[in-house]
Amino acid sequence: MFRLELSQHTVRLEVEDPGDLGAVAPGPPDLGGGGGFGLNLVQQLSERWGMERTAGAGTRVWAYLALEPLPPSPA
């Protein structure tokens, strides 16, 4: 499941899946296999992020991304 919440200054993203095993933490990317970049990107691009186990025995990862004001539109 994917959720997006927009406020004046931030975007909150959530990704949830039924998995509930193992640690959720950035690890070294697998340069040969092309994986392991997800949480590293989240950590670099977000203001803050975290994870929680859900009541339905799943896992939710969330992140807050800062929004910059849009430039004024031409007249």
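For the reader, a short list of remarks on this structure follows.
- Close contacts from segment 55-69, counting a first residue that is within 14 Å of His9 (Cβ to Cβ) and a second that is surrounded by 14 or more Cβ atoms within 10 Å (Cβ to Cβ) and of a type in the set (A, V, I, L, M), with Cβ to Cβ under 6 Å and a gap of 6+ residues or different chains, come to Leu65/Val11.
- Extreme residue, surrounded by the most Cβ atoms within 10 Å (Cβ to Cβ), among residues of segment 38-75 that are of a type in the set (Asp, Glu) and at pLDDT 85 or above: Glu52
- Scanning segment 15-37 for residues that are of a type outside the set (Phe, Trp, Tyr), surrounded by 10 or more Cβ atoms within 10 Å (Cβ to Cβ) and out of contact with any Asp or Glu (no Cβ under 8 Å at 6 or more places or on another chain) turns up Val15, Glu16, Asp17, Pro18, Gly19, Asp20, Val24, Pro26, Gly27, Pro29, Asp30, Gly35.
- Cβ pairs under 7 Å, 6+ apart, first in segment 27-38 and at positive phi and of a type outside the set (Asp, Glu), second in a loop (DSSP other than H, G, I, E, B) and exposed (fewer than 10 other Cβ atoms within 10 Å of the Cβ): Gly36/Pro28
The values are calculated or read from the model by the stated rules, or taken from the named source; none is laboratory data. Fair warning: this is a prediction, and the values are worked out from it, not measured in the lab. Here the Cβ is made from the backbone with ideal geometry for all residues, glycine too, and neighbour counts use every protein chain on show.
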